[in-house]
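Notes for the one structure printed next.
The values are calculated or read from the model by the stated rules, or taken from the named source; none is laboratory data. From a predicted model like this one, the values you see are computed outputs, not experimental measurements. Here the Cβ positions follow ideal geometry from the backbone for every residue, glycine too, while neighbour counts run over all protein chains shown. Just the protein is used for accessible areas: all its heavy atoms, side chains included, with ligands, DNA and RNA removed. Shrake-Rupley method; radii C 1.70, N 1.55, O 1.52, S 1.80 Å.
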Number of protein chains: 2
Amino acid sequence: MAKENKSFVKEITPQSEDFSRWYLDVIQKADWMDYAPVRGCIVFKPDAYEIWERCQQELDREFKRTGHRNAYFPLFIPESFFEKEKEHVEGFNPELPWVTEAGGDILEERLAVRPTSETMFGHMYAQWIQSYRDLPVLLNQWANVVRWEKRTLPFLRTSEFLWQEGHTAHATEDEARAETMQMLEIYANFVESFLAIPVIRGQKTPSEKFAGAVDTYSLESLMKDGKALQTATSHYLGQNFAKGFDIQYLDKDNQRKYVYTTSWGITTRLLGAIVMVHGDDRGLVIPPKVAPTQVVVIPIGPAKTRETVVPAAEQIVASLQSAGVRVNIDAREDVSPGWKFNEYEMRGIPIRIEIGPRDLENGQAVLVRRDTGEKLPVPLTQVDETVNELLATIQADMFQAAKNRMHEHSYVADDLAALVNYIQNERGLVLAGWCGDDACERAVKDACSATSRNIPFDPPAQPKHCVTCGKPAQYAVWFAKAY
Amino acid sequence: MAKENKSFVKEITPQSEDFSRWYLDVIQKADWMDYAPVRGCIVFKPDAYEIWERCQQELDREFKRTGHRNAYFPLFIPESFFEKEKEHVEGFNPELPWVTEAGGDILEERLAVRPTSETMFGHMYAQWIQSYRDLPVLLNQWANVVRWEKRTLPFLRTSEFLWQEGHTAHATEDEARAETMQMLEIYANFVESFLAIPVIRGQKTPSEKFAGAVDTYSLESLMKDGKALQTATSHYLGQNFAKGFDIQYLDKDNQRKYVYTTSWGITTRLLGAIVMVHGDDRGLVIPPKVAPTQVVVIPIGPAKTRETVVPAAEQIVASLQSAGVRVNIDAREDVSPGWKFNEYEMRGIPIRIEIGPRDLENGQAVLVRRDTGEKLPVPLTQVDETVNELLATIQADMFQAAKNRMHEHSYVADDLAALVNYIQNERGLVLAGWCGDDACERAVKDACSATSRNIPFDPPAQPKHCVTCGKPAQYAVWFAKAY
Ligand SMILES: [Zn+2]
Ligand SMILES: [Zn+2]
């Protein structure tokens, strides 16, 4: 259904000129999305949605491997539910859409369209959990959620988005904390190994944590424009929701006790992260593991040679398909090879295979890597093997390249002036000491719009002084401008 | 997380006493659902949701095999969209929930929570489709939808439910009609071979068709109480939505033409159908192909023999798992075998394997079929093979049994008195002639609450006269009370 748009890649704004414009150009030209006729909503088109499906499959397997099961809870949440956890209502109320009429009647109680489902799970868990034998409860749901935010950006911040939300209940704090960390680690492995996006694991500062959580842990990643993006979160909720919703169990010692809960999620913003971490001025660069199409085969050469070249190209396709590669062919005659090269580069297909009459004479095809542009002539007998190796190499190299970029754009600042300078002139992540005072954190934001991303588990340095007030640092914190 | 409810199966109301009560008892005791704190909404609990996931996987593969791709369109639909197709707005307006406020503001235009997405797809297709080269467009989405209906019933008619909705656009009527029939046939094969539910393929009468369709085709199935349930629908929409949303393309002959569209869907009501077609007074009976757990192994015998029996049972489990069977063990000591037998029968697990000390001496285990109660002693060396064969046999036998029941409860009526008698005293499906007049169809409903289910493609008889007015019959129609 792709519109046959004969425009060339030069229509994409260069990243260096205007990164935001580049981003919006790329996701539209690559046919990943379209704007929907509802404020801040998009249509997820097939290529983007298929990547989301691959993310789902991969994560779902991990969730199930670690004992979780899927369920589905209602979209609508009664207004009164939000009142039961004070921080939660303050955090989410400003962003809620409200259903006030249904089936021709004005509703007695307004229904929020869920922004997240801690309250609904809490309400049900209170009824399901009676005894220590019922614990732990380990559920996840794949769902749509809505947050009516002021600024929206396709994939990264849309009014409606898709996600999964895990909600678990445990008998002890230790167990709940272990769950919180286990899920963060599952996300980290997934984002790094599947999406080729390096992450910083750490804890959110109190001002940045989830509304209603005791502790929020996050993965933070660096986009190519130097901004950070939170790629996953995992929340230790303590007994906040257990108390709000009265989720108690009778323990072995015959005492009624509140459970400890967690929640954790990743969203379709990951699609935006793939674009912003790997894309370049020619368009998307998709990691092979999630690419809907991993290889495109393009027969080239004069029209009179098509009779022999196209069947050879088709044979490559058939052979790669049996080798488990997701491969397409573009043998159209009314479109030039040059146009096709640009088009599939723009769409980020990891490998292009060119084959022409001279290649055929030499018994070879030419593999072209999207990530580096490198061309590799390969004997026809070795195409399957080489492609499979090369897909793994590209995946690894893309991760390494992103990791190098992250390190090159990571700085350590001793004082606010240095921090502001890094943020404004170098762009990237700045590690700085922090005394733990909200005001000192806020001062950074006021100075340069950078916010605290997280307190990393494994900081590359241990700053001695608070970047703002100079008092002894309690924490090493990553600051950055963020999406 | 299942509550250890020590109640026995006798707490399920017998089907013959009160089928509705039986249904509600079973789905709750088998832990398939719970009522949510929002009118007409339920929580889909893991066992039920996992069956839905298996349905999704199976159908999704078929959709993709036939050239469709998945996408995701917004949940919210602007009110004005509904006005663009006259029948559509009349059909759906009474059931819509409306978002009137969001993010602290009253919205300028109310947003409906989607009851179905013809309008949203139509709006986007109008922008994407320009040329004959863009056709066909073959998209599907897996989504939640909301219809605020007066009467609700878990799974069968809930305010919010899950479904997939395919939406396609074609250059010609022939192509669109072929698509409509192709999808109906995919559904029929799926429902029959995967869910073991026999279906009647046919066309809806004008009064029962989808609001906005030219022709609606359906699959109808018989529940054990003699009521019919529509298990799938596929709509040929002609140019109704194309004209409403101005979806035109430039054809090869350089003329602008309206496209022809289709839509088709199945929903989580299939879960209710599984219960009502196969369940019995002992509880659920789940077809092996969709069962989350296909086999449960239960070690039996006195406590002193557990040392040898439990490891033997675990070995059966390990072996079955490697043979690709979804198997669990219940070796709990604080619950009696009799309680477990009842429990897993109630949950509908296709095969129970009992193994005790005497079995072990004889080198055997006992397989018990859920559908027939039949017990088969099997040598331990042959358990894997026998289980795999038996699962296929159970699947086939369940389908055949349901088919026999449907035939036994299918009647042909020559006049209204006979039809009313069959509906009221025999319960089931009644085939009758119909002249094509709305009033004659309505008269049947007025007489006995039976509605026309569909005009079957392959009727078992060809009644000569309209069941109501006695004029020559144009159609053979299945009538039944329906969910
Ligand atoms: Zn300070
Ligand atoms: Zn008549």
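How much solvent-accessible surface does A:His68 expose, in Å² to the nearest 10, with a 1.4 Å probe and all protein chains in place?
A:His68 has an accessible surface of roughly 10 Å² with all protein chains in place.
Report the one residue of A:Tyr344, A:Leu96, A:Phe245 whose Cα lies farthest in the direction of the positive end of the charge dipole of chain A (charges on C-beta: Lys and Arg +1, Asp and Glu -1; origin at the Cα centre).
A:Tyr344
Are there GluC sites (Glu not before Pro) in region A:274-363 that DSSP puts in a loop and that have at most 10 other Cβ atoms within 10 Å, and which ones?
A:Glu333
Partner chain Cβ atoms within 10 Å, averaged over the residues of B:44-50 - can you pull that number for me?
Neighbouring Cβ atoms belonging to other protein chains average 5 per residue here.
Taking the label point as lying 7 angstrom from Cα along the Cα-to-Cβ axis, what are the distances from B:Arg332 to the corresponding position in the remaining copies, in ascending order and in nanometres?
6.1
What nm distances, shortest first, do you get from the label point of B:Asp253 to those in the other copies when the point sits 7 angstrom along Cα to Cβ?
Copy-to-copy label distances for B:Asp253: 8.6 nm.
Roughly how many debye, to the nearest 20, is the charge dipole of region A:14-278 about its Cα centre, given +1 on each Lys and Arg Cβ, -1 on each Asp and Glu Cβ, and no other charges?
For this selection, approximately 280 debye.
Could you pull out the pairs from B:Lys289/B:Lys375; A:Lys224/A:Lys403; A:Lys257/B:Lys45; A:Lys45/B:Lys209 whose alpha carbons sit more than 19 Å apart here?
Over 19 Å Cα-Cα: B:Lys289/B:Lys375; A:Lys257/B:Lys45; A:Lys45/B:Lys209.
What's the extension gain from B:Thr66 to B:Phe457 if we count 0.36 nm per residue and subtract their Cα-Cα distance?
138.5 nm
Let me know the mean shielding of B:113-121 by other chains, meaning the per-residue number of their Cβ atoms within 10 Å of its Cβ.
Counting other chains' Cβ atoms within 10 Å and averaging over B:113-121 gives 2.
Let's test the formula: R0 of 30 Å, r as the Cβ-Cβ distance of A:Gln255 and B:Val335. What FRET efficiency results, to the nearest 0.05?
0.80
Put simply, what bits of region B:53-79 lose 40 Å² or more of accessible area when the other protein chains are there, versus the chain on its own (1.4 Å probe)?
Buried-area filter returns B:Glu53, B:Arg69, B:Asn70, B:Tyr72, B:Pro74, B:Leu75, B:Phe76.
Can you figure out the FRET efficiency of B:Lys243 with B:Glu108, using R₀ = 35 Å and their beta-carbon distance, to the nearest 0.05?
0.85
Going from most exposed to least, what order do B:Lys252, B:Lys84 have by accessible area with a 1.4 Å probe?
B:Lys252, B:Lys84
Can you list the copy-to-copy distances for A:Glu11, using a point 7 angstrom from Cα toward Cβ, in nanometres, shortest first?
Distances to the matching label points in the other copies: 6.5 nm.
How much of the DSSP beta bridge set in the protein assembly as shown is antiparallel, as a percent to the nearest 5?
Of all bridge pairs located within the protein assembly as shown, approximately 80 percent are antiparallel.
How many angstrom lie between the Cα centre of region A:315-371 and the Cα centre of region B:165-217?
Measuring centre to centre over Cα atoms gives 38 Å.
Which whole-number percent is the relative contact order of chain B (Cα, under 8 Å, 6+ apart)?
14 percent
Using Cα-Cα distances under 8 Å and only pairs 6 or more residues apart, what relative contact order does region A:295-390 have, in percent?
Across region A:295-390, relative contact order equals 30 percent.
On a C-alpha basis, how far is the centre of region B:28-68 from the centre of region A:25-56 in Å? Whole number, if you could?
25 Å
Farthest toward the dipole's positive end in the protein assembly as shown, which of B:Ile186, A:Ala273, B:Val327, given Cβ charges of +1 (Lys, Arg) and -1 (Asp, Glu) about the Cα centre?
Highest projection toward the positive end goes to B:Val327.
Any idea how far apart B:Tyr132 and A:Ser20 come out in nm if each label point goes 7 Å out from Cα toward Cβ?
The answer from the label model is 4.4 nm.
Could you work out how far helix B:383-408 tilts from the main Cα principal axis of chain B, as a 0 to 90 degree angle to the nearest 10?
The answer is roughly 50 degrees.
As a test of the formula, what do you get for chain B when each DSSP H run with n ≥ 4 contributes -39,500 (n - 2.57) and the sum is divided by the residue count, at 222 nm and rounded to the nearest 500 deg cm²/dmol?
Value at 222 nm, helices only: -10500 deg cm²/dmol.
For region B:288-422, what proportion of DSSP beta bridges, expressed in % and rounded to the nearest 5, is antiparallel?
Close to 55 percent.
At 1.306 mPa s and 10 °C, plugging the Kirkwood radius over alpha-carbon pairs of the protein assembly as shown into Stokes-Einstein gives what diffusion coefficient in µm²/s?
Value of D from the Cα-based Kirkwood radius: 51 µm²/s.
Which whole-number percent gives the relative contact order of region B:358-440, counting Cα pairs below 8 Å spaced six or more residues apart?
17 percent
Inside 10 Å of the C-beta atoms of A:87-99, what's the mean count of C-beta atoms belonging to other chains?
3
Kindly sort A:Thr172, B:Thr262, A:Thr381 by accessible area of their heavy atoms, largest first, with the probe set to 1.4 Å.
If we order A:Thr172, B:Thr262, A:Thr381 from most to least accessible, we get A:Thr381, A:Thr172, B:Thr262.
Evaluate E = 1/(1 + (r/R0)^6) for A:Ala392 and B:Glu53, where r is the Cβ-Cβ distance and R0 equals 30 Å; express this FRET efficiency to the nearest 0.05.
In this case the efficiency is close to 0.50.
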